[in-house]
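The structure under discussion appears below in the form of structure tokens.
The values are calculated or read from the model by the stated rules, or taken from the named source; none is laboratory data. Everything numeric here is computed off the predicted structure, so don't read it as measured data. Counting neighbours? That spans all protein chains shown, and the Cβs are built from the backbone with ideal geometry, glycine included.
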Amino acid sequence: MTSIILAIESSCDDTSAAVIKDGKICSNIVATQAVHEKYGGVVPELASRAHEQNIIPVVSQALLTANITKSELTAVAFTRGPGLLGALLVGCSFAKALALGLQIPIIEVNHMQAHILAHFIDDPKPAFPFLCLTVSGGHTQIVLVKDFLQMEVLGQTTDDAVGEAFDKSAKLLGLPYPGGPLLDKIAQTGNPHKYTFPIVNMPGYDFSFSGIKTSILNFIKNNTAQNPEFITQNLADICASIQQALIATLLKKLLIAAQETGISEIAIAGGVSANSGLRQTMQQYAKKYGWNVYIPDFAYCTDNAAMIAITAHYKYLAGNFASQLASPDPRMKL
Ligand code: KG4
Ligand code: ZN
């Protein structure tokens, strides 16, 4: 029997809707909220309001692009968490109301699980079991993916997420929000070995990124005290060196996890998987260590509803539906 699912993502500052028909993505519309730029970060209250304004046009466009009418839908999926409570509430309430009106089931989706399952939208697809380095603005995890809906977190950050470290470093250098992609762009013309930033070694497969922020702050203070133009004169080299340190921190633990589990199917997922340095380093590791590396398309790295849709597809096949009492879970675990 045909399944046609409308999926909604509203966990942070992107309002997105996608339609998936029998496991094939038919549309994926993303409205990125520009309102946060002048504040230098996401303002939760403004994110909720922007979701409220965007959700109907975004859903209408997703249905139109997919050439699907509401009455053809067999389920509605939404991101239940993790994310901002007010932002999640908009997607959750919208999905529940629409499904109630259409008398069809709802499916709740974990945002981090969806980042990982984005690898099953297109080919090539990783084989189970695989390791996934999930790197976003809110998370940094090494996940053992045993099956579509069976995942185990092997290690994670004990403080800041790596996306946060990119964004905060960019902010310290005076770059506008969102800093991660811009730092990446500037780093491409710089020397990654010009400056050294610490690679913090945590126990097991865990990470820590708060120390590097302090060391960047001290580095900037010390150097600008001697030369006020230091940052502008060396921006590309500073960006490249920071990026290098962040990537080295990630890859150090990923390599140990791969060696200790004996798994060579390795994926990356989440917003930071758009980073050009990380993508290149993954390809180098693939050659050096015989890994099969899976890197998502740019469209599926940062937040999008297509990844919610593909996850919902597997939950639909498993008959895994939510109750109308479902509510957002801002700290939802994998
Ligand atoms: O997955 P995502 O869109 O949202 C969350 O679930 O958090 O990830 C957003 C994060 C932000 O911190 C952003 O700066 C970072 O991903 N990011 C990047 C790049 N593109 C996005 N960081 C470094 N280099 C990039 N090219
Ligand atoms: Zn995300």
| request: Using the structure shown, decide if VAL109 is hydrophobic (A, V, I, L, M, F, W, C) and closer than 19 Å to THR302 by Cβ. | output: yes
| Taking the range 258-278, which residues are under 22 Å from VAL153 (Cα atoms), more than 16 Å from ligand 2 (Cβ to nearest atom), assigned to a helix (DSSP H, G or I) and not hydrophobic (A, V, I, L, M, F, W, C)? | GLN259, GLU260, THR261
| query | Which numbered condition trips up LYS194, out of (1) in a helix (DSSP H, G or I); (2) within 30 Å of ALA267 (Cα to Cα); (3) among the basic types (Lys, Arg)? | reply | (1)
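Of all residues in the range 181-232 being charged (D, E, K, R) and under 26 Å from GLN156 (Cα atoms), which is modelled with the lowest pLDDT? Even if it seems obvious, please write down each step before you answer.
Just the residues of the range 181-232 that are charged (D, E, K, R), to begin with: 184-185, 194, 206, 213, 221, 229.
Add one more test, that the residue is under 26 Å from GLN156 (Cα atoms), and what stays is 184, 206, 213.
On the way: ASP184: 98, ASP206: 98, LYS213: 87.
Here the residue is LYS213.
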| request: Output the number of the condition that MET332 fails; it satisfies all remaining conditions of (1) within 16 Å of ligand 2 (Cβ to nearest atom); (2) in a helix (DSSP H, G or I); (3) of a type in the set (A, V, I, L, M, F, W, C). | output: (2)
| task | Within the range 106-139, work out how many residues are more than 10 Å from ligand 1 (Cβ to nearest atom) and within 17 Å of TYR205 (Cα to Cα). | result | 4
| message | Anything in the range 169-187 that is in a loop (DSSP other than H, G, I, E, B) and either hydroxyl-bearing (Ser, Thr, Tyr) or surrounded by 17 or more Cβ atoms within 10 Å (Cβ to Cβ) (or both)? List them, or say none. | response | LEU173, LEU175, TYR177, PRO178
| Which ones in the range 237-268 are touching a strand residue (DSSP E or B) at 6+ places or on another chain (Cβ under 8 Å) and closer than 21 Å to ILE186 by Cβ? | THR249, LEU250
| Failed condition for THR281, given (1) touching a residue at least 24 places away in the same chain (Cβ under 8 Å); (2) within 16 Å of ligand 1 (Cβ to nearest atom); (3) within 16 Å of the chain's Cα centre (by Cα), with all others met? | (3)
| said: Report every pair of residues separated by at least 6 positions or lying on different chains whose Cβ atoms are under 6 Å apart, first residue within the range 25-49 and aliphatic (A, V, I, L, M), second at pLDDT 95 or above and surrounded by fewer than 17 Cβ atoms within 10 Å (Cβ to Cβ). | reply: ILE29/GLN61; VAL35/LEU46
| request: Could you pull out the residue among MET202, MET112 that is out of contact with any helix residue (DSSP H, G or I) (no Cβ under 6 Å at 6 or more places or on another chain), over 19 Å from GLY40 (Cβ atoms) and either in a helix (DSSP H, G or I) or within 16 Å of ligand 2 (Cβ to nearest atom) (or both)? | output: MET112
| said: Cβ-Cβ under 9 Å, sequence separation 6+ or interchain: first residue in the range 150-163 and of a type in the set (Val, Ile, Thr), partner more than 15 Å from ligand 2 (Cβ to nearest atom) and in a strand (DSSP E or B). Which pairs? | reply: VAL153/ILE142; VAL153/LEU144; THR157/PHE207; THR158/PHE207; VAL162/PHE207
